[in-house]
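Colleague: Shown below is the structure under consideration.
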Amino acid sequence: MSPRLRWRKFVSGFMLTMTGVCALVSVSMLFFILGYLVYHGGTSISWNFFTKLPTPVGETGGGMANAIVGSGKLLLLATIFGVPIGFLGAIYLAEFSGGTTAFIVRYAADLLNGVPSIVIGIFAYSLVVLPFKHFSTLAGGFALGLIMIPITLRSTEEFLRAVPNALREASMALGASKTKTIASVIVPAAYRGILTAILLAFARVAGETAPLLFTAFGNSFWSAGWNQPTASLPAMIYTYALTPYDDWHRQAWAAGLVLLGLILIINIVARAILSRGIAVPRS
Amino acid sequence: MATTTTTVPSAGPIAGSRSFLARLREGDEIARMITFLFAASVVLVTVLLVFELWRDSVLPRHKFGFNFFRTSVWDPVFDQFGALPFIYGTLLTATISLVIAVPLGIGAAIFLAELAPARISDTLEFFIDLLAAVPSVIYGILGVFIVIPLMRDYIQPGLKKSLGFLPLFQGPAYGFGFLTAGAVLAIMIIPYIISVSREVLLSVPRDQREAALSLGSTRWEATWKVVVPFARGGILGSIFLALARALGETIAVTMVIGNQPIIRASLFSSGYSIAAIIANELTEATSNLHYQSLIELGLVLFLLTFVLNGLARLLIVATSQRGAGMGHA
C-alpha cells in the first residue's frame, strides 16, 4: 500500500468516525435533557403538584393545579379552533380544488407555518386581546389554534392524497356521491395518518410559550372564566425559572418534567399509530 | 390573494360531469362549499396577519423611516426607538448557533444517510424527531440552570485563556449573553438540519456513489466529493430552515441572553434579540409609538423568516427532484 493510499484510507476512516461522533452527540442531547429533567423534576413532583394552587414565596407545599387545568382548557380551545379548519381545508385541497386555489391555500398555509410563534402572539394580541381589553383563555386558545391549522392541513392533505385513486373510482362506480365517498371511504382509509397529524400538531402547541405571554397571560389562582386570564404550564415554567427562589425553581423543574413527558408520550403514540398500526377503532 | 378567496372556483374533474342540481341534491356542492370556506379561511387568516402587522407599524415607519434600523437608542421615556441592538443580537446569536450546529448536523446526517444500517438510522432519526419536539421553554430552563453555570465556570474562562487575544472572547464571564444564547439555539436547530439533510442525502441516486467507488475513491471521498455536492442545494435549504427557526426563537433566548440592548463585539456580553424585546415589552408598551415599534420588529422578523423559508423550500424541492429525475434515467 502506497503512503498516499494509506493516508487516504486513514482520512476516510477518521472522517467517517467523526460523523458517527456527530450523530452520537446530537442524539445524546435528548437523553441529557430527559435525564436532567427527571433528576431535578422527579424529586419535586408530588401529589400536591397536581392538586394544589401555587403558594406565595416561602410557603412550601404548593402545586400547579391551576396551570394544568389552564393548559388543558387552552389546548381544548386550540383543537376546537384549529383542527376543523385544518381537516376540512385539507379535504377541499385533496378532493375538490383545482390547481390555482389549491396552490394559494397551500402557499398561505406554508407561510403561516413558518411564522415565528411570537408573531402569532402579536397577531392574537392585537386581534383578540386589545378589542376586549383584557387577557383571556379564549385569546390563548385562538393563538395556539392558529399554529395548529397549517400543521394539520398540510399533513392531512398528504395522507388523503396517498389514498389510491382506485378506491375513489370504485366507490363512485357503485353510485356513491362524492360526499359519501369522502366520508365513508377516503377519510377512513387515511384515518391513521390524519390522527397522527392531529396528535403531532397538538404536541407542538402544548409546549408553546411565546404566544401565551400576550394572550392567556398568567394567573396565580383558578381562572375565573373563559374570558379571563389563565395560568398554563409553559408560562409557569418561564416565570418560575426566572425568579430567584429555590422553591419555585423546583416547581418549574417538576412542571418541565410533566410537560416534556406529556409531549414525548403524544409524539411516540402518534408515530406508533402511523407505523406499527395500533388498532384504531373506526366508527 | 384576497380577491381569489371570494370567487367560487370551477368544479373539479369528477364532480363536473354531472349537473349542478344533481350535485346539489346529493350534497356534493354543499360539501364542496363548506370545505372551501374552511380552506379559504386559512388564506384569510394569513392575509389578515400580514395586514395587521403592516397597519400597526405605520407610526414608526413614518416617524423613523430607515433610521429605525440604523440607530441604537431604545428609550420609551423619550419615545426614541432604534432597533439596531436587537437586530445585532438576533443575527449574532443565529450566526453562533449555525457555526456550532451546521458541522454537527451535517456530520450526523451523513452518518445516518450513508453509514448507518437502515434499522439504526431509523431508530436514531426517531430520537432526533423527539428532540425536535422538545418545547423551547424546556431549553430555556436547561439553559438557565445548566448551560449558564457551565459557561460561567468552565467554557468562557477556557475560551478566554486560549483565544483571549481575539476581541470576541474578552470581557467578564457572567454566563449569560450572546454565546450562551447561540449555544442553546444550536441544540434547538440541530434536529432540523439532521432530518432534512438526511432526507436529501437519501434521495441521491445510488449510481452516484457506486460510480465514485468504482473509480477507486475511498468511502469518505465518495461521500464528500460526490454525494454531498449532489445534495448541496437541499443541505443549504435545511440550513436556511434552521436559520429561520433560530431567528424567530423567543423563549429560550429571552431566558439566557441577558436582555440588555447593547452592541458589543464580545460574545460574553449580554445582549437582546428582536423576539426577546417583543416578549418582554409588548404588554407593557407605554405609548402608541412604543407599541407600534415593537410590531414593526415583529414585521421584520416575519419578513426575514418568510424569505428564508421560501428559499429553503425551493432548494429542498429542487434537489429532491433532481435526485428522482436521475434515478429514473
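Colleague: Determine if region B:248-264 includes at least one residue that is over 25 Å from the mean Cα position of the chain (by Cα), at pLDDT below 95 and of a type in the set (S, T, N, Q). Lay out the reasoning, then the answer.
Modeller: Step one: of region B:248-264, the residues over 25 Å from the mean Cα position of the chain (by Cα) are none.
No, there is no match, as no residue in region B:248-264 is over 25 Å from the mean Cα position of the chain (by Cα), at pLDDT below 95 and of a type in the set (S, T, N, Q).
Colleague: May I pose another question? If I go through region A:121-135 residue by residue, how many of them are without any contact (Cβ under 8 Å) to a residue 24 or more places away in the chain, of a type outside the set (A, V, I, L, M, F, W, C) and either more than 9 Å from chain B (Cβ to nearest Cβ) or touching a Gly at 6+ places or on another chain (Cβ under 7 Å) (or both)?
Modeller: 2
Colleague: Can you find a residue that is in the same structural domain as B:I187 (by TED's automatic domain parsing), under 26 Å from B:G177 (Cβ atoms) and aromatic (F, W, Y) anywhere in region B:126-139?
Modeller: Yes, some residue in region B:126-139 is in the same structural domain as B:I187 (by TED's automatic domain parsing), under 26 Å from B:G177 (Cβ atoms) and aromatic (F, W, Y).
Colleague: Name the single residue that is farthest from the other protein chains (Cβ to nearest Cβ) among those in region A:2-43 being surrounded by fewer than 18 Cβ atoms within 10 Å (Cβ to Cβ) and among the hydroxyl-bearing types (S, T, Y).
Modeller: The residue in question is A:T43.
Colleague: Does B:F66 satisfy the criteria of being within 14 Å of chain A (Cβ to nearest Cβ) and hydrophobic (A, V, I, L, M, F, W, C)?
Modeller: Answer is no for this residue.
Colleague: Take B:S162 and decide whether it is in contact (Cβ under 8 Å) with a residue 12 or more places away in the chain, among the polar types (S, T, N, Q) and in the same structural domain as B:S273 (by TED's automatic domain parsing).
Modeller: no
Colleague: Among the residues of region A:190-244 satisfying the criterion of being within 21 Å of B:V253 (Cα to Cα) and either among the hydroxyl-bearing types (S, T, Y) or away from every other protein chain (no Cβ under 14 Å) (or both), which is surrounded by the most Cβ atoms within 10 Å (Cβ to Cβ)?
Modeller: That would be A:S232.
Colleague: Same structure again: Looking at region B:226-259, which of its residues are in a loop (DSSP other than H, G, I, E, B) and not aliphatic (A, V, I, L, M)?
Modeller: Selection gives B:E249, B:T250, B:G258, B:N259.
Colleague: Kindly check whether there is at least one residue in region A:227-240 that is without any contact (Cβ under 8 Å) to a residue 24 or more places away in the chain and out of contact with any helix residue (DSSP H, G or I) (no Cβ under 9 Å at 6 or more places or on another chain).
Modeller: No - not one qualifying residue is present in region A:227-240.
Colleague: Might you let me know whether region B:126-140 holds any residue that is in a helix (DSSP H, G or I), without any contact (Cβ under 8 Å) to a residue 60 or more places away in the chain and among the charged types (D, E, K, R)?
Modeller: The initial filter retains those residues of region B:126-140 that are in a helix (DSSP H, G or I), namely B:126-133, B:136-140.
Subsequent filtering for residues that are without any contact (Cβ under 8 Å) to a residue 60 or more places away in the chain retains B:126-127, B:130, B:133, B:138.
Applying the additional criterion that residues be among the charged types (D, E, K, R) yields none.
No, every residue in region B:126-140 fails to be in a helix (DSSP H, G or I), without any contact (Cβ under 8 Å) to a residue 60 or more places away in the chain and among the charged types (D, E, K, R).
Colleague: State which residue is nearest to the other protein chains (Cβ to nearest Cβ) when the search covers only region B:202-238 and only residues that are of a type in the set (A, V, I, L, M, F, W, C) and in contact with a Phe, Trp or Tyr (Cβ under 9 Å, 6 or more places away or on another chain).
Modeller: The selected residue is B:W220.
Colleague: Output the number of the condition that B:F176 fails; it satisfies all remaining conditions of (1) aromatic (F, W, Y); (2) at pLDDT 95 or above; (3) outside any helix (DSSP H, G or I).
Modeller: (2)
Colleague: Among the residues of region A:216-250, count how many are touching a Phe, Trp or Tyr at 6+ places or on another chain (Cβ under 6 Å) and modelled with pLDDT of 90 or more.
Modeller: 1
Colleague: Can you tell me which residue among A:G70, A:G62, A:G89, A:G58 is more than 10 Å from chain B (Cβ to nearest Cβ) and buried (at least 24 other Cβ atoms within 10 Å of the Cβ)?
Modeller: On the way: A:G62 fails: buried (at least 24 other Cβ atoms within 10 Å of the Cβ); A:G89 fails: more than 10 Å from chain B (Cβ to nearest Cβ); A:G58 fails: buried (at least 24 other Cβ atoms within 10 Å of the Cβ).
Being more than 10 Å from chain B (Cβ to nearest Cβ) and buried (at least 24 other Cβ atoms within 10 Å of the Cβ) holds for just one of A:G70, A:G62, A:G89, A:G58, which is A:G70.
Colleague: Does A:T181 satisfy the condition of being without any contact (Cβ under 8 Å) to a residue 40 or more places away in the chain, more than 25 Å from A:V119 (Cβ to Cβ) and touching a Ser or Thr at 6+ places or on another chain (Cβ under 9 Å)?
Modeller: So A:T181 passes the test.
Colleague: May I ask you to list the residues in region A:152-189 that are surrounded by fewer than 17 Cβ atoms within 10 Å (Cβ to Cβ) and within 30 Å of A:P234 (Cβ to Cβ)?
Modeller: A:E158
Colleague: Still on this structure: Can you tell which of A:I237, A:I265 is among the aliphatic types (A, V, I, L, M), more than 30 Å from B:E29 (Cα to Cα) and under 15 Å from the mean Cα position of the chain (by Cα)?
Modeller: The conditions single out A:I265.
Colleague: Please work out if B:F111 is within 11 Å of another protein chain (Cβ to nearest Cβ) and surrounded by fewer than 20 Cβ atoms within 10 Å (Cβ to Cβ). Walk me through how you get there before you give the answer.
Modeller: Numbers: within 11 Å of another protein chain (Cβ to nearest Cβ): yes; surrounded by fewer than 20 Cβ atoms within 10 Å (Cβ to Cβ): no.
For B:F111, the condition - within 11 Å of another protein chain (Cβ to nearest Cβ) and surrounded by fewer than 20 Cβ atoms within 10 Å (Cβ to Cβ) - is not met.
Colleague: To continue, here is another question. Please state which of the following conditions B:M151 fails to meet, knowing it meets all the rest: (1) assigned to a helix (DSSP H, G or I); (2) under 18 Å from B:N259 (Cα atoms); (3) at pLDDT below 90.
Modeller: Result: B:M151 passes all but (3).
Colleague: Out of the helices (runs of 4 or more DSSP H) lying entirely within region A:1-120, which hold 3 or more residues that are in contact (Cβ under 8 Å) with a residue 24 or more places away in the chain?
Modeller: A:3-42, A:65-91, A:99-114
Colleague: Looking at (1) part of a helix (DSSP H, G or I); (2) under 28 Å from B:L179 (Cβ atoms), find the lone condition where B:T223 falls short.
Modeller: Against the list (1) part of a helix (DSSP H, G or I); (2) under 28 Å from B:L179 (Cβ atoms), B:T223 comes up short only on (2).
The values are calculated or read from the model by the stated rules, or taken from the named source; none is laboratory data. As the structure is a computational prediction, the values presented were derived from the model and not from experiment. Because the Cβ atoms are built from the backbone with ideal geometry, glycine has one as well, and the counts that use them run over all protein chains shown.
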